[in-house]
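Written below as structure tokens is the structure these notes are about.
Computed from the coordinates by the stated procedures, all read-outs in this text should not be read as laboratory data. Worth saying up front: this structure is predicted, and the values here are computed from it rather than measured. Quick reminder, even Gly has a Cβ in these numbers, built from the backbone with ideal geometry, and neighbours come from all protein chains shown.
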Amino acid sequence: MSASTSLKVRLPTFVFVLEIVMIALYAVFVTYDDNSNAKLQNNETKPMENSMYRDYPYFADVQVMIFLGFGCLLAFFRFYGFSGMVFNFLTATFAIQWAILIQGFFQFYHDGKIHLGVINLLNAEFACAVVLISFGAVLGKTGPVQLLVMALLEIPLFAVTEWAVLKYIRINDAGGSILIHLYACYFGLGATFVLYRPNLNDGHPKETTSYNSDILSVMGTLFLWVFWPSFNSALTFKGDDQHRAVLHTFLGLSSSTITAFALSAMFNKRGKLTMADIQNVTLAGGVTVGASVDMMISPVAAYALGIMGCTACFFGYKFLTPFLAQRLRIQDQCGIHNLHGLTGLISSTAGICAILLATEETYGPSMYQIFSHRAPPEGDPKLLELQQLIPGLKPGLGRTAQEQALFQVAAIFATIAAAAVGGVLTGFVMKLPFMASPSDESCFDDQLFFDVPSDFDIQLDPLHLNSVYNAN
Amino acid sequence: MSASTSLKVRLPTFVFVLEIVMIALYAVFVTYDDNSNAKLQNNETKPMENSMYRDYPYFADVQVMIFLGFGCLLAFFRFYGFSGMVFNFLTATFAIQWAILIQGFFQFYHDGKIHLGVINLLNAEFACAVVLISFGAVLGKTGPVQLLVMALLEIPLFAVTEWAVLKYIRINDAGGSILIHLYACYFGLGATFVLYRPNLNDGHPKETTSYNSDILSVMGTLFLWVFWPSFNSALTFKGDDQHRAVLHTFLGLSSSTITAFALSAMFNKRGKLTMADIQNVTLAGGVTVGASVDMMISPVAAYALGIMGCTACFFGYKFLTPFLAQRLRIQDQCGIHNLHGLTGLISSTAGICAILLATEETYGPSMYQIFSHRAPPEGDPKLLELQQLIPGLKPGLGRTAQEQALFQVAAIFATIAAAAVGGVLTGFVMKLPFMASPSDESCFDDQLFFDVPSDFDIQLDPLHLNSVYNAN
Amino acid sequence: MSASTSLKVRLPTFVFVLEIVMIALYAVFVTYDDNSNAKLQNNETKPMENSMYRDYPYFADVQVMIFLGFGCLLAFFRFYGFSGMVFNFLTATFAIQWAILIQGFFQFYHDGKIHLGVINLLNAEFACAVVLISFGAVLGKTGPVQLLVMALLEIPLFAVTEWAVLKYIRINDAGGSILIHLYACYFGLGATFVLYRPNLNDGHPKETTSYNSDILSVMGTLFLWVFWPSFNSALTFKGDDQHRAVLHTFLGLSSSTITAFALSAMFNKRGKLTMADIQNVTLAGGVTVGASVDMMISPVAAYALGIMGCTACFFGYKFLTPFLAQRLRIQDQCGIHNLHGLTGLISSTAGICAILLATEETYGPSMYQIFSHRAPPEGDPKLLELQQLIPGLKPGLGRTAQEQALFQVAAIFATIAAAAVGGVLTGFVMKLPFMASPSDESCFDDQLFFDVPSDFDIQLDPLHLNSVYNAN
């Protein structure tokens, strides 16, 4: 092992410095929100009035997705299962506690304090998902310090983009296709572009799976699959909107899954199934329904979106990923551009179509709740009229469907640009000399950063000629 | 590999044809239900008024059971883990989207439309469980096209049986012992009877487990175990009925589990535990309490039912499964007749006893809610009296306990007959020549339908004499 | 295999005798509680009024922790994965059904009956967690009969301690740091002290992990991690108290996790990560926030407690566990003294500090709900005053903060003493000759109690020289 990748000093230094920073910031800025503060004596237990009861069940589902779903899915390499699962654990944990602070400043800050409740945790898990998706682009080629640095930089860059888009461009994106999936994807591609390793373009001897790692990875896919409706619906408007988000997500995933099986067999030389397709392409539908997940797109549209997203994702893996690696120096290890980029673009386009097609005839007056920026502005007599039908309707910006569609387009381009630039800059920081970056030979190998059990090298050497003599 | 099992054309053809059919049917027939439709502007968030809030938590639990529980449990073969887990994924996904349509026509169809909400998804997952249980009978001996055909036929056959039994015979079966477990079991046995493979009666060299596959399968058992109370209580009457369903299921599973350990050690030659017993027999109690799960049977009865079901299941595996295979040409691969058939029969009998013993003294007037067919019919003065005690009580059929018991008996026989006939017919379709059925030698072998990683044949050849020379 | 460890007679005898006892006790004593009894016709579905709706979601999360979390975590030994996961399943199941009865007599007994609802199941799962933590001390060195005996004795000893502490000493311990973690830890240490095996002090050749067992164990850690907020908040006062419990648990776990990574790399000779640290030390924060989890300790305090608990736990593994084993004859197999003992002591101390610092200024009048023993006693005019602010406030004991702190100290010592004595006594019973205790050589070996698949001895003999000739 080369001394330059020892974590002995680097990792503790990084962690302890950040813990001191975080203790200082939490101490000065973080307090309880109204529903977690004893002083207000409300003991509020109505589900829709306290994020503990409204959001915690979805938070728990997303926890499983983040830690077990991503964790198992990223453990698909034969000699990199420890790293895939455990670096995911480390990166996710750090990203969430950091996002609570950073998003707190942007979204939950008033009276000089960040007000903390379960809703903050839920938002932070979404920010964490952004980091983990980007992680997929550089999996196997980065060490834990690099990943923590990536989280350290990506969280604030994401939070400011999210804040700017939501505050100034104001979009509809309930499932996060634009802000989560497109941002994460292009950030990850930006970073991996900078971290380009020409020697790995022809593959690496350890870039392979094992029977057990493939099964483990499918389990990760299944954890993501079963709870994806919770993910896509967690931050929607409650009531029928959230209800539709669950239905559309389920249908999109469902059609996407059977399409992935069909395409996998169809384009395999011997007509067999490929586990990588089942691990990744099946999930495309969950992203593709995202931007319009709470709208009245009709169930069949969700079904069709699943098929479209899956198809784009599948051919992306087949043709675009090799092209990006060989022509554009973008080595996208897990193919996040297929699963999050292409699908995100389709989803955003579908969202725009849904916005353009939305009419009061279909939605009734609650159209102005879902498309809140289309609600009449303060003072408009139409607002008072609508408020008689929907008490508590908030004034909007009085945008037309076309205007809202243009803002969505602006948000897509702005997000992609911000993400790509942020990713490139972060990539340069990750490339700095003291980041314990693995050498090309040590990529995809748990031994670099882990004490491994004695059967690890038996795996490496199936004939076992050396294993008993050279125990690790 | 024989060309006749290539999925290259068959699987995509099947999937794409069905996707076109489904897109057409979803487009024409499926719309939102009242609680997922924006136009009604209700934004209903009261848990008992919107299936999003009433049913989604149970739906999420059942999702874990279907995809991770069954998926891991069925991955218990050493060389068939990919197939067990992944065919379960494919079959379940297809079965659910198909069941949404088919059950929709029977149960949620009015004004020319199927009205879609989370409750439909939950019902469809139950129909899917039926298919997956039947799948257990033919595991290892069927390809993915056969399994999709099985789902394609079993879902409508099940849906019509379910509809007929609920509409015309009208039974109490909260946990689905009759409609789910007995139907699934006898359907599966019917199919496997037709698919009989005489050469496999003496076992197959690959019909074996590995250390890792056994552990994986126990994890599947545990996923089913922990969420079974949600499964059995998801469709019960809310309030105390659902509460009892959880309690009884937990107690039944609990006593069943320790009994399974005791019997496993007792009937093992060397007094050791057998993993297959722990993977299967422990779960018997969950089925056995099913038919009476919401009734006032008393906690001790649930406990005793768990022991009885477990004992029947255990001896079924020991004596009945070999007998069925060798004498009756019924090769029941996972022993579904033990875990779902025998236990389902005990459960149905216990349900009948509970019906016969039910009195107003024990249940109070809410007896007519649980046993809704015993409620007085429209116009009966007793109905008005009861409606003063229980506002909103629906008129029933005025059946006596004895009458209801006879209808239960009729339902049991009708269900078993419909299932067996349906299974036999489906078996004939699955046997048609273009179904990519594996040859006897290729059974229980992932290589037939999957690209396998390079360590797969190391598993096949523990001495590794050939593996490095003949890499896959 | 030595005949003396056959389970053929012992295990069935134990199980069947206990099942008869339990059937008798359940028949005579167990009935439904108000919310699961049909006769009361309440059909109560308001979440806060029926433990089905209030507690079942947390119960389901704890189920996953108990059966999958502990089950996978304890399967970390290479040759002891069956035993770790399956003995956990057996012990947990028995412990819960036994605890329902025993705790029922202490906490839910009135009118000659134990009244059963989901709340009893939830309490019983907590008692079960106590047994499973103690199990960690003796893992690998005990057979299933010994473990059942341990559960049989520990449940009543725990229940009486819990009852006495709650009824007579009256403490604040929402997350169970004192009653669950300290009790479980010192009970386990007491038992393992008696079961001391001097020959194992220098290690055992099978006391090792494998690549797959390490990953499986991390999955167990992740299951515990993601649902720990549910565990710590399940039994708190509802509303803002439960909300804070979730927030503090998440923050404590979160800081604990990154600290564990830092310490693991820092104290590893080659600057690598150690899987055992990631499997265990990461979780320390969940215990450390326990005793003050529902108090207004501020988010930063939860964060700091996570770091402190993790640090103590880490150094405990490094220095204290070897010391205990070699000097004090206490072989703590999984290091429960680090993960539950040291952290429990820190947590208890933090709880005392939080009690001493609690003021009406911070908590408002709801201070008397959280610290219910500080509420004015019946008849005190201050009580009436407070009841106008908080309707339904229950009279307390009028304790001062200092008095409450002293009672906490008393409870800590009383709990530790009761646990240690109980553990020692239980250890003597477990050591009796007919308990099927494994010989020193057979420790950490699944073959003793399980029929193992044929690849088990390939694992034992990586060169495979003997495996094909001496198939099991």
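Annotation: aspartates and glutamates with alpha-carbon distance below 14 angstrom to residue B:394 (same-chain offsets under eight excluded): B:378, B:380, B:385. Fully extending the segment from residue C:21 to residue C:110, taken as 0.36 nm per residue of separation minus the present Cα-Cα distance, adds 30.0 nm.
The aspartates and glutamates within cross-link reach of residue B:113, meaning a Cα-to-Cα straight distance under 14 Å and a gap of 8 or more places when in the same chain, are B:33, B:34. Between this copy and the others, label points of residue B:356 are 6.9, 6.9 nm apart in ascending order, each placed 7 angstrom from Cα in the Cβ direction.
Shielding value for B:295-304 is 5, the average number of Cβ atoms from other chains within 10 Å of each residue's Cβ. Remark: the protein assembly as shown projects, on average over all directions, an area of 48.4 nm² (convex hull of Cα atoms). With a threshold of 27 Å on the Cα-Cα distance, the over-threshold entries among A:167/A:238; A:318/B:431; A:318/A:431; C:39/C:167 are A:318/B:431; A:318/A:431; C:39/C:167. Relative to the longest principal axis of the Cα atoms of chain B, helix B:51-63 runs at roughly 30 degrees. Axis angle, to the nearest 10 degrees, between helix B:343-357 and the longest C-alpha principal axis of chain B: 10 degrees. Highest-first packing order for the peptide set B:223-229, C:410-416 is B:223-229, C:410-416, based on the mean count of other beta carbon atoms within 10 Å. Each 10 Å bin from 0 upward holds the following percent of the Cα-Cα pairs of the stretch A:50-106: 22, 39, 29, 9, 1.
Shape of the stretch C:290-373 from its Cα gyration tensor (a ≥ b ≥ c, root eigenvalues): rounded if a/c is under 1.5, otherwise prolate when a/b > b/c, or oblate? Prolate, since a/c reaches 1.5 and a/b exceeds b/c. Computed on the stretch B:187-300, with alpha-carbon pairs under 8 angstrom and 6+ residues apart, the relative contact order is 29 percent. Inter-chain neighbour count for B:71-82: the average number of beta-carbon atoms from partner chains within 10 Å of each residue's beta-carbon is 2.
Annotation for residue B:421, label-to-label distances across the other copies: 7.2, 7.2 nm (shortest first, one decimal, point 7 Å from Cα along Cα→Cβ). Helix A:81-107 and the longest principal axis of the Cα set of chain A meet at an angle near 30°. Neighbouring Cβ atoms from other chains, within 10 Å of the Cβ of residues in C:110-119, number 2 on average.
In order along the stretch C:29-43, phi translates into HN-Hα couplings of 10, 9, 9, 7, 8, 4, 8, 10, 9, 5, 4, 7, 6, 7, 6 Hz, rounded to whole numbers, per the Karplus curve 6.51 cos²θ - 1.76 cosθ + 1.60 with θ = phi - 60° and x for Gly and Pro. Label zone of residue A:40 (point 7 Å out along Cα→Cβ, amide N under 14 Å): in the stretch C:203-241 this covers C:239-241.
Extending each Cα 7 Å along its Cβ direction at residue A:267 and residue A:4, get the distance between those two points in nm, one decimal. For the pair residue A:267/residue A:4, the computed spacing is 3.8 nm.
Computed from the Cβ-Cβ distance with R0 of 30 Å, the FRET efficiency linking residue B:48 to residue C:163 stands at 0.25. When only alpha carbons are used to place a centre, the stretch C:374-424 and the stretch B:104-150 end up 55 Å from one another.
Under the rule a/c < 1.5 gives rounded, and otherwise a/b versus b/c splits prolate from oblate, where does the stretch A:166-315 land using the Cα gyration tensor?
Oblate shape, in that a/c is at least 1.5 and b/c is the bigger or equal ratio.
Take chain B and mark each of the trypsin sites (Lys or Arg not before Pro) that is in a DSSP loop with at most 13 other Cβ atoms within 10 Å; the longest unmarked stretch, sites excluded, is B:1-268. For the stretch C:3-440, the gyration tensor built on C-alpha atoms gives an oblate shape. Its axis ratio a/c (a ≥ b ≥ c) is at least 1.5, and a/b is not larger than b/c. In this assembly of identical copies, the label point of residue B:9 (Cα plus 7 Å along Cα-to-Cβ) is separated from its counterparts by 6.7, 6.7 nm, sorted shortest first.
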